[in-house]
Amino acid sequence: MKLPRRLDENEGLILTPLIDMVFLTLIFFMVNAILSLYPAIKVDLPEAYTSRAVVEKEIVVTIDRSGGIFIGAAPVPGERFSAELKNEMIRLDSRRLILQADQNLPYKKLVEVMDLARLAGIESVALVTTQKSLPQ
């Protein structure tokens, strides 16, 4: 006995997983854009006329108002700073340090961090500022 073949009505491209992936990708990029505009570490940078943009492949160290030290976005205890900085230097293959320090930070703390960085093998230190408009 020969049975007739039933035509499958679901033949064709299933779009539901594709639409799900598009929405997930859209949400990922929206959240990523918001986080890059509003960083987690709050620092009031001093102003300067000759400010320039930071290059991505450089070591960025941030010191907040209370003296907390961050390499990238990760908090680092003061006693582990040199070791973590050496690991970051190896990872990025760079000996240039970009230092973001709060403008209200005591000068002594800034000098201490710069000194520890030099002892870890950093060859040059650049301070980050915000762009200041020229007087007219």
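The values are calculated or read from the model by the stated rules, or taken from the named source; none is laboratory data. Keep in mind that what you see is a predicted model, and the values were worked out from it rather than measured. Positions of Cβ are generated from backbone atoms using ideal geometry, with glycine treated the same way; all protein chains shown enter the neighbour counts.
Restricting to segment 53-87, name every residue that is part of a loop (DSSP other than H, G, I, E, B) and not β-branched (Val, Ile, Thr).
The answer is Ala53, Glu56, Lys57, Glu58, Asp64, Arg65, Ser66, Gly67, Gly68, Gly72, Ala73, Pro77.
Can you tell me which residues in segment 10-40 are modelled with pLDDT of 65 or more and either among the acidic types (Asp, Glu) or part of a loop (DSSP other than H, G, I, E, B) (or both)?
Glu11, Gly12, Leu13, Ile14, Leu15, Asp20, listed by residue number.
Restricting to segment 108-136, name every residue that is among the basic types (Lys, Arg) and either under 15 Å from Ser82 (Cβ atoms) or in contact with a strand residue (DSSP E or B) (Cβ under 9 Å, 6 or more places away or on another chain) (or both).
Result: Lys109, Arg118, Lys132.
Go through segment 88-104 residue by residue and tally those that are in a strand (DSSP E or B), within 15 Å of the chain's Cα centre (by Cα) and without any contact (Cβ under 8 Å) to a residue 40 or more places away in the chain.
Qualifying residue count, segment 88-104: 2.
From the set of residues in segment 105-136 that are within 19 Å of Gly78 (Cα to Cα), of a type in the set (Lys, Arg) and surrounded by fewer than 16 Cβ atoms within 10 Å (Cβ to Cβ), which is farthest from the chain's Cα centre (by Cα)?
Only one residue fits best here, namely Lys108.
Of (1) modelled with pLDDT of 90 or more; (2) under 20 Å from the mean Cα position of the chain (by Cα), Ile59 satisfies all except one. Which?
(1)
Do we find that Phe70 is buried (at least 16 other Cβ atoms within 10 Å of the Cβ), closer than 23 Å to Glu47 by Cβ and aromatic (Phe, Trp, Tyr) in this structure?
Spelling it out, Phe70 is indeed buried (at least 16 other Cβ atoms within 10 Å of the Cβ), closer than 23 Å to Glu47 by Cβ and aromatic (Phe, Trp, Tyr).
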